[in-house]
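Enquirer: This is the structure I have questions about; it appears just below.
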Amino acid sequence: MKGRTKKPPVPSVKEDTVRHAIMALLAGEAVSALDISREVRIPEREVYGHLEHIQRTLRATGLRLQVVAAVCGECGFVFHKRARLTKPGKCPVCRSEHISAPLFFIGESVD
Ligand SMILES: [Zn+2]
């Protein structure tokens, strides 16, 4: 009787499906994390975990997760050296919060 109440294991199939959907989006055009969350219907904060995973798995292939750096809408500062994938909160130069979201796409590795 008790054996039936056990919860199913980690839904790895669904995770895979989500990741594939994200990769399909990234292969088509440059998209923001918000675009991805809307298309795949997952919370934006979960998108970053998937992107990091995709980044790691792509390393073995000739492809790479390319990032179009976020830009400050006030002074034009470009967040080139940002290691994290999330959107910056504030511009370090002018303190503006008017910052465009970074965009992601899958492209050929340059190195
Ligand atoms: Zn700025």
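Only the coordinates and a few stated rules stand behind these numbers; no lab work does. Because the structure is a prediction, the values reported are computed rather than measured. Cβ sites come from the backbone with ideal geometry, for glycine too, and all protein chains shown count toward neighbours.
Enquirer: Around residue 74, under 14 Å between beta carbons, what's the net of Lys plus Arg minus Asp minus Glu among the other residues?
Expert: Local net charge: +1.
Enquirer: Mind giving me the FRET efficiency for residue 93 and residue 38? R0 is 35 Å, r the Cβ-Cβ distance, nearest 0.05 is fine. The partial results should precede the final answer.
Expert: Details: r = 30 Å, r/R0 = 0.87.
Calculated transfer efficiency: 0.70.
Enquirer: Tally Lys and Arg at +1 and Asp and Glu at -1 over the other residues with C-beta under 10 Å from the C-beta of residue 103: what net charge comes out?
Expert: Values: positive: none; negative: 29, 35.
Local charge sum for residue 103: -2.
Enquirer: Calculate, for residue 17 and residue 100, the FRET efficiency according to 1/(1 + (r/R0)^6) with r their C-beta to C-beta distance and R0 35 Å; round to the nearest 0.05. Can you show the working numbers first?
Expert: On the way: r = 29 Å, r/R0 = 0.84.
The calculated FRET efficiency here is 0.75.
Enquirer: A further question on this structure: Give me the extension gain from residue 46 to residue 61: residue separation times 0.36 nm, minus the current Cα-Cα distance, reported in nm with one decimal.
Expert: Numbers: separation 15, 0.36 × 15 = 5.40 nm, distance 2.37 nm.
Here the answer is 3.0 nm.
Enquirer: Just to check I understand the Karplus step: with θ = phi - 60° and J = 6.51 cos²θ - 1.76 cosθ + 1.60, what whole-Hz values come out for the stretch 81-92, glycine and proline as x?
Expert: Along the stretch 81-92, the couplings run 8, 6, 7, 7, 8, 6, 5, x, x, 9, 6, x Hz.
Enquirer: Here is a further query. Please build a GNM for the chain, connecting alpha carbons under 10 Å apart, and tell me which residue among 56, 84, 45 fluctuates the most.
Expert: Result: 84 has the largest fluctuation of those listed.
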